[in-house]
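Below is one structure, written out as C-alpha cells; the observations come after it.
The values are calculated or read from the model by the stated rules, or taken from the named source; none is laboratory data. Treat the numbers as computed from the prediction; the structure is a model and nothing was measured. Note that each Cβ is placed from the backbone with ideal geometry, even for glycine, and that neighbours are counted across all protein chains shown.
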Amino acid sequence: MRFARLLTIAALLALVLSPVPAAAVSFTLEDSEAGVQGTTVSFEGSITTDAGDFDPLFLNAIHFTFLGPPQVIFDDLPFFNLPPELSFTGAGGRPTGTGVQVFFELFLGAAAPGTYSGSATILGGANIDDQTELGTQDFSLTIRPGQVAIPEPSTLLGLALGLGGLVAARRLKSRR
C-alpha cells in the first residue's frame, strides 16, 4: 500500500515537474520573387503556432544569408513594423498568427541579372531578449536586366535645335 502511494506521488511529481515542450512555430515565406534592376521586390510570409500554445511570442530579429551580388540591398524595416509581441489567442480561444505580411524588401540596384538564393531566419521567443531560432526559410531571387531608356526622335530634335540656337546666339554676339 505504501509502495503504491509512493509510486503515485512520484508519478504525479514527474508529470508536474517535467518540462513542457515548446510550441511548434511555423514560418512560411514566398519561395521566389523576380524583379528588374533598379526596382524593389517584397517577400511576404507568415508566422503561426500550434493549437496548444496560448503564450505570447516575441519576434526579436531577422537574419539573412544571401548568395548574390552586393548591390542587392536588404531592408528589414517591414519585419520591425510587425507587432513585437504576437498573442496567438484568437476568437474562440484558437491561436492566430501574423497573417500574410511583408517580412523584408530587396532593392536590386545595378545588380547583375541572374538567379540567386538566400535564407531568412526569424529569431525570438518567450521574452524580448530571447534569440531562439523560430524558423528558417530559403528563397530565390531572379534579377532581370532593366530597360535602357532610348530617347524619342523629337527629344533629340529639341536638343539639337536648342544647341543650334545657343551657337547662333554666340556668333551674333561675337560679331557685334
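For the stretch 80-99, the count of residues that are surrounded by 13 or more Cβ atoms within 10 Å (Cβ to Cβ), at pLDDT 85 or above and outside any loop (DSSP other than H, G, I, E, B) is zero. In this structure, residue 140 does not qualify as within 30 Å of residue 56 (Cα to Cα), at pLDDT 80 or above and not in a loop (DSSP other than H, G, I, E, B).
One residue stands out in the stretch 105-128 among those that are modelled with pLDDT under 90 and exposed (fewer than 13 other Cβ atoms within 10 Å of the Cβ): the one that is nearest to residue 39 (Cα to Cα), namely 110.
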